[in-house]
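The values are calculated or read from the model by the stated rules, or taken from the named source; none is laboratory data. The structure presented is a predicted model; accordingly, all values stated were derived computationally and were not measured. So basically every Cβ, Gly included, is an ideal-geometry build from the backbone, and we count neighbours across all protein chains shown. All accessible areas refer to the heavy atoms of the entire protein, side chains included, with ligands and DNA or RNA removed. Shrake-Rupley method; radii C 1.70, N 1.55, O 1.52, S 1.80 Å.
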Amino acid sequence: MSLGTHLNYPSTRKGNQIDDYHGIKVADPYRWLEDPDSEETKAWVEAQNQVTFEYLNGIPARDKIKQRLTALWDYEKYGVPFKEGNRYFYFKNNGLQNQSVLYTLKNLDDEPQVLLDPNKLSEDGTVALSGLSISDDGKFLAYGISSSGSDWQEWKVRDIETVRDLSDSLQWIKFSGASWTPDSKGFFYSRYDEPNQKTKLEDVNYYQKLYYHRLGTPQSEDVLIYQRPDQKEWGFSGRVSDDGKYLIISVWLGTDPKNLLFYKDLTDPNSEVIELISEFHANYSFIDNSDRIFYLRTDLNAPRGRIIAIDTENPRDRNQWREIIPQTEETLESAGIINHWFVVDYLKDARSQVKIFDLQGKFIREVELPGIGSVGGFNGKPEDTETFYSFTSFTTPGTVYRYDMITGKSSLFRQPKVDFNPENYETKQVFYQSKDGTQVPMFITYKKGITLDGNNPTLLYAYGGFNISITPSFSVNNLVWMEMGGVYAVANLRGGGEYGEEWHQAGMKLNKQNVFDDFFAAAEWLIANKYTKSEKLAIAGGSNGGLLVGASITQRPNLFGAALPAVGVMDMLRFHKFTIGWAWISEYGSPENPEEFKVLYSYSPLHNLKPGTSYPPTLITTADHDDRVVPAHSFKFAAALQAAHTGNAPVLIRIETKAGHGAGKPTAKIIAEAADKWGFLVKNLDIQVN
């Protein structure tokens, strides 16, 4: 099948469903595809995959790309070590293991022992470790597992010394961690009521409850700590303070960063839950406490973040709240207390910067990082004098360092060995002007020595939403793209968190079009500066980024040479009807609101496809077990795109089986999907692969 061959897409039945939104009639002919378990939908999925894989199998370079991906993926990958009790813990992947393995050791130079190998939980690697919590004494591991990429978790408990599971088994957990009491006799967690077994991957999730589980007891005896029957959308995250005195309850509402903050005195069995912050007016993140003084990271009157202290004996008087570390030009991402100092992670133009302050807010030092990139880690307790962090960039695989809090020195702990020379590549950061004059940053990485003649195949990636910052990171997939002569560009669009809450709000709800305009401006800058041209420019994004790609090809189909929308939110009129989709109303707005409906309808990818339009080559990817963004979004969009599209450019959908939104996806599936995407781009952007 050549690019110029007209594909015979599976015929997709059109229903006669029409909905009325505030007086506007909107057809939804593919509503039947919302039922993933119907025989008709299953047959449609099979037929679409058959066409897609027949096309992909006909791309000669695909196997060579997969071989190179596999070879490069085969390197040891280390997670950041952390310590509980007298033990260290860290993750390691030997190279091509489907899931990383959790190890433990008492001294850093000891031989590590396998504590949990998720690869043994299933033959194909589709059961993944999705959460863990170690008791303070280092004796017990509580861990969550998920099957086929689902958000639903089952939690178990393992004795660390014997490496055997106890009898404990907790079900129907989603969007929750676990936090142990200091006596190591149990932990707090959040769960939902048992769902309908047949429809659990689509049904909405309401009424989360916070429980305490005591080791050795059945889940039916777990103690209900907090619930709000009057607030079905509230979710609860429970965390025990490092001194063990308090249970801190963060109350979330949808994906809005604004939250409430409650606490319970764990030294008094009869204590009530106290509402410390009782209004959704800002974000409050508990860092730690010094007895009754709570240290919080907040964006109250500081959209880029600051650190304050609240005396819980007099919390209502805001005049008594002390500012410890004021807002700066940089965006405050996270903070912890180690060695009785604040370790604060900032973003400066979407790259990491770490500073250390004492508890009065006096600057101690800045951590010297290996370069421009992203850091993770810096975990620990107030009394710890060491911590660990990882550093990564577009050309630096995740490298782990040990940091001495006393001397301020970093020492290399683990450095992966990947079969490429980073000196052959360069990264630059540029700032371009969006439609309304806003300056937007973009990272561009490529092989040194490329010619700026407008002919380089280029992949433009972005996200643009939910206050999420996209920072430099290493990817084998992107490395293979660049080895083939591709340019890799990442635009830090509004809607993200790179410049704090104002930057986020400038790309949400009624302002969502700014995100798309920022993306178009990035593409136009790359073309104007001779990196590429429209015919050689591909765009990619996942989840909210999938929405971005879908909206981009419907608004500017001629600007792009190919599109890779992954697990995207494509139906902006019904996203709130499934699983946790209702929680995105705080980000997107509600179709039930007339003003917000107008904006949603104006850019909803599904509703803005125009019959008779030639759309760019498009490979939609989704998964049959995605219960975050249900696959119906991609199913309906693919059907509508194939119906509207004219011309010979392929518009295909690749539907992964036994996989979800992306978390926990086994290495083998990651490599196979990347090979298919790059093969698709090689063919449609006319890239010569040696």
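Report, by residue number, each residue of region 610-648 that is more than 24 Å from Ser146 (Cα to Cα) and open to solvent by 20 Å² or more (accessible area, probe 1.4 Å). Lys610, Pro611, Gly612, Thr613, Ser614, Gln642, Ala643, His645, Thr646, Gly647, Asn648 - these are the residues of region 610-648 that are more than 24 Å from Ser146 (Cα to Cα) and open to solvent by 20 Å² or more (accessible area, probe 1.4 Å). Within the option set Glu368, Glu329, being of a type in the set (D, E, K, R), outside any strand (DSSP E or B) and closer than 17 Å to Tyr499 by Cβ holds for one residue only, Glu329. Listed by first and then second residue, the pairs linking a residue in region 205-216 that is in a strand (DSSP E or B) to a residue that is surrounded by fewer than 23 Cβ atoms within 10 Å (Cβ to Cβ) and aromatic (Phe, Trp, Tyr), with Cβ atoms under 8 Å apart and 6 or more places separating them unless they lie on different chains, are Lys209/Tyr192; Lys209/Tyr226; Leu210/Tyr226. Restricting the search to region 469-489, which residues are touching a residue at least 60 places away in the same chain (Cβ under 8 Å), among the β-branched types (Val, Ile, Thr), farther than 21 Å from Lys66 by Cβ and out of contact with any Lys or Arg (no Cβ under 7 Å at 6 or more places or on another chain)? Passing the criteria: only Ile470. Looking only at residues of region 277-287 that are among the hydroxyl-bearing types (Ser, Thr, Tyr) and outside any loop (DSSP other than H, G, I, E, B), we find that the one that is farthest from Phe187 (Cα to Cα) is Tyr284. Considering only residues in region 83-107 that are without any contact (Cβ under 8 Å) to a residue 40 or more places away in the chain and in a loop (DSSP other than H, G, I, E, B), the one that is surrounded by the fewest Cβ atoms within 10 Å (Cβ to Cβ) turns out to be Asn107. Do we have Asp358 as of a type outside the set (Gly, Ala, Ser), farther than 30 Å from Asn544 by Cβ, open to solvent by less than 50 Å² (accessible area, probe 1.4 Å) and free of Cβ contacts under 8 Å to residues at least 60 places away in the same chain here? So Asp358 passes the test.
Restricting to region 406-426, what's the tally of residues that are part of a loop (DSSP other than H, G, I, E, B) and hydrophobic (A, V, I, L, M, F, W, C)? Break it down stepwise before answering.
Let us first name the residues in region 406-426 that are part of a loop (DSSP other than H, G, I, E, B), namely 406-409, 415-421.
When the remaining residues are screened for being hydrophobic (A, V, I, L, M, F, W, C), the result is 406, 418, 420.
Here the count works out to 3.
Quick one: in region 288-314, of everything that is surrounded by fewer than 19 Cβ atoms within 10 Å (Cβ to Cβ) and assigned to a loop (DSSP other than H, G, I, E, B), which residue is modelled with the lowest pLDDT?
Within region 288-314, the subset surrounded by fewer than 19 Cβ atoms within 10 Å (Cβ to Cβ) is 290-293, 300-301, 303, 311-314.
Then drop every residue that is not assigned to a loop (DSSP other than H, G, I, E, B), which leaves 291-292, 300-301, 303, 312-314.
Values: Asp291: 93, Arg292: 93, Leu300: 95, Asn301: 95, Pro303: 95, Thr312: 93, Glu313: 89, Asn314: 83.
Going through the qualifying residues, I end up with Asn314.
If you go through region 108-122 and keep only what is farther than 25 Å from Val375 by Cα and either touching a residue at least 40 places away in the same chain (Cβ under 8 Å) or in a loop (DSSP other than H, G, I, E, B) (or both), you end up with Asp110, Glu111, Gln113, Val114, Leu115, Leu116, Asp117, Leu121, Ser122. In the set (1) under 30 Å from Asn8 (Cβ atoms); (2) touching a residue at least 12 places away in the same chain (Cβ under 8 Å); (3) not aliphatic (A, V, I, L, M), Pro60 fails one condition alone, (2). Screening Ile274 against (1) part of a strand (DSSP E or B); (2) over 25 Å from Trp341 (Cβ atoms); (3) under 29 Å from the mean Cα position of the chain (by Cα) leaves a single unmet condition, (3).
Of all residues in region 592-620, those satisfying the criterion of being in contact (Cβ under 8 Å) with a residue 60 or more places away in the chain and among the hydroxyl-bearing types (Ser, Thr, Tyr) are Tyr601, Ser602, Tyr603, Tyr615, Thr618. Of the strands (runs of 3 or more DSSP E) that lie entirely inside region 134-180, those containing 1 or more residues that are without any contact (Cβ under 8 Å) to a residue 12 or more places away in the chain and out of contact with any Gly (no Cβ under 8 Å at 6 or more places or on another chain) span 164-173.
Close contacts from region 532-552, counting a first residue that is closer than 17 Å to Ile450 by Cβ and open to solvent by 10 Å² or more (accessible area, probe 1.4 Å) and a second that is part of a strand (DSSP E or B) and of a type in the set (Ser, Thr, Tyr), with Cβ to Cβ under 7 Å and a gap of 6+ residues or different chains, come to Lys536/Thr458.
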